[in-house]
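The values are calculated or read from the model by the stated rules, or taken from the named source; none is laboratory data. Owing to the predicted nature of the structure, the values given are computational and were not obtained by experimental measurement. Positions of Cβ are generated from backbone atoms using ideal geometry, with glycine treated the same way; all protein chains shown enter the neighbour counts. Only protein heavy atoms, including side chains, enter the accessible area calculation; ligands, DNA and RNA are left aside. Shrake-Rupley method; radii C 1.70, N 1.55, O 1.52, S 1.80 Å.
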Amino acid sequence: MAKRSLGIGFIGAGFMNRFHVASLAGVRDCEVAGVFSQTHANAQSLAATARDLGVGEPAVHGSITDLVADPNVDALWIATTNDSRIAVVEEIVDAVRSGKGELIGVACEKPLARNLAEARRMVELIESTPLLHGYLENQVFEPAITRGKEIIWRRAVPLAGRPYLARAAEEHSGPHMPWFWSGERQGGGVLNDMLCHSYEAGRYLLTAPGEARTTLQVEQVNAQIASLKWTRPEYVELLKEMSGGKVDYGRTPSEDFARAAVSLRAPGGEHLLVEATTSWSFVGPALRLRAELLGPEYAMQVDSLSTDLSVFLGRKIRGAAGEDLVEKQNAEQGLMPVIADEPGVYGYTAENRHMVQSFLAGRMPDETWHDGLAVTEVLMACYKSAEEGRTIAFPTELGDFVPAVAQGKWTAGR
Ligand SMILES: NC(=O)c1ccc[n+]([C@@H]2O[C@H](COP(=O)([O-])OP(=O)(O)OC[C@H]3O[C@@H](n4cnc5c(N)ncnc54)[C@H](O)[C@@H]3O)[C@@H](O)[C@H]2O)c1
């Protein structure tokens, strides 16, 4: 008989899996069954959060193999550091192929890997098993984006023709953990970390409902990267201090700004464009996500900081710095936007609902590791374009290309 509830095993117990566990309060037919993290204390704390939220009574395991072997675990969610992807998936695949446990599927956070060779290896590994695979790109599940897309494609496109331009931007003041700032560990800077979201959100908006994402052919990529803020001497010092000496942008910087224009060809021959921009040098109230879709007679727009709730905290209200109002919050006073349901607004709830229901039905999710691979290919073309100062025409072979930023060889134009 088909399973009615999915037991999820979480690998990694950091920022992202906390969001995933919180979102499960709004997802039916699943529970947190197990947790494994390199840091045992974090795994214990994530398990306690799941219990407090009433979304499971997870066992804390000592290894990935033990997690796979847990009979209550049916699927895995990977949210570990980007440099651990291959080792994590190799252990999962070994455990499954040697019959240590039975799984239905594996969901993996963005970016799928640090570069194209690693992304190809990820797909090869998962396809050496019968497992279903989901790529966790939350922005294509954001309710504002999915609802906007649905309205545009239903009401406007049949009368005026398909949309031609998608714009997407993600900006904040910088990541929360030192490894994100390390080009080598993360795979790059803000381009690898966040343009993966913006490009995929744009590609999703431009794709007709029911049309495979692969029907949009990439024709050319033009991109630019820069360090606008974090190589200024005072911020080099601040970053050293914040990272306990682990990150030195005086020696090996990563980009804190990136923009890309990706030209695509639709099945009917129309020329389409995704224009994406991302930044770790944006200081506003908090994380800002924007998306637009434009066509011959219409447009839609989403802005995560145009919230329906804001609070004003006067000068006598002083408190410790926190992220209790919104992710990557930069202030605790004045007129502040508040997102009342962050897992919902950012798309995690709908994303996890989709992954859970797909795995339970034995169906491949709408967003798979092949999408993660396609995104990685475009990101690598973006780095190549930025490094060589030219447009990269597709098809192109980027096989072993590793961005200079990820090799510690980028000079930030100095
Ligand atoms: N979708 C989004 O908007 C979004 C937001 C943040 C992070 N992410 C992605 O999620 C992933 C994790 O990011 P984070 O912010 O949670 O980072 P984090 O540093 O807060 O947490 C990473 C966790 O992974 C654990 N870990 C590292 N290597 C491991 C291994 N080999 N086995 C088991 N556990 C291991 C660490 O101990 C830690 O608990 C990254 O790939 C990141 O790109 C996505």
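The range 212-260 and the range 6-57 have Cα centres lying 31 Å from one another. Annotation: for a label point projected 7 angstrom from Cα along Cα→Cβ of E387, residues of the range 110-131 with backbone N closer than 15 Å are 114-118.
The label point for E127 and the one for S306, both projected 7 Å from the Cα toward the Cβ, are 4.1 nm apart. Taken as Cα centroids, the range 376-414 and the range 304-331 sit 38 Å apart, rounded to the nearest whole angstrom.
Once you sort the root eigenvalues of the Cα gyration tensor of the chain as a ≥ b ≥ c, which label holds: rounded (a/c under 1.5), prolate (a/b larger than b/c) or oblate (the other case)? Rounded, since a/c falls under 1.5. For the set K110/K384; K240/K328; K110/K240; K240/K384; K246/K409; K229/K384, the pairs lying more than 24 angstrom apart at their alpha carbons are K110/K240; K240/K384.
In terms of packing, defined here as the mean over residues of other Cβ atoms within 10 angstrom, the peptides 352-365, 176-189 line up highest first as 176-189, 352-365.
In terms of packing, defined here as the mean over residues of other Cβ atoms within 10 angstrom, the peptides 329-339, 207-217, 76-86 line up highest first as 76-86, 329-339, 207-217. Under 5 Å from the amide H of L165 lie the amide H atoms of L273, L294, each residue being 5 or more positions distant or on a separate chain, with H modelled from the backbone and absent for Pro and chain starts. Magnitude of the charge dipole for the range 293-414, about its Cα centre and with charges confined to Cβ atoms of Lys, Arg (+1) and Asp, Glu (-1), is about 540 debye. Of the residues A117, W77, A258, the one whose Cα sits farthest toward the positive end of the charge dipole of the chain, with +1 on the Cβ of Lys and Arg and -1 on the Cβ of Asp and Glu, is A258. In whole percent, and with a 1.4 Å probe on the protein chains, what portion of the accessible area of the chain is carbon and sulfur? Of the solvent-accessible surface of the chain, carbon and sulfur hold 50 percent.
Helical runs (DSSP H, four residues minimum) scored at -39500 (n - 2.57) apiece and divided by the length of the chain put the mean residue ellipticity at 222 nm at -9500 deg cm²/dmol.
For the range 1-34, the residues whose backbone nitrogen is under 16 Å from a point 7 Å from the Cα of E57, taken along Cα to Cβ, are 7-8, 31-34. Each Lys or Arg adds one and each Asp or Glu takes one away; over the other residues whose Cβ falls under 13 Å from the Cβ of S263, this sums to -1.
Positive-end ranking of G347, T307, M336 along the dipole of the range 296-353, with charges on Cβ about the Cα centre, is headed by M336.
The dipole here belongs to the chain: it is taken about the Cα centre, uses +1 on the Cβ of Lys and Arg and -1 on the Cβ of Asp and Glu, and is about 580 debye. Each peptide in 312-325, 255-268, 40-53 gets a packing score, the mean of other Cβ atoms within 10 Å over its residues, and the list from highest to lowest is 255-268, 40-53, 312-325.
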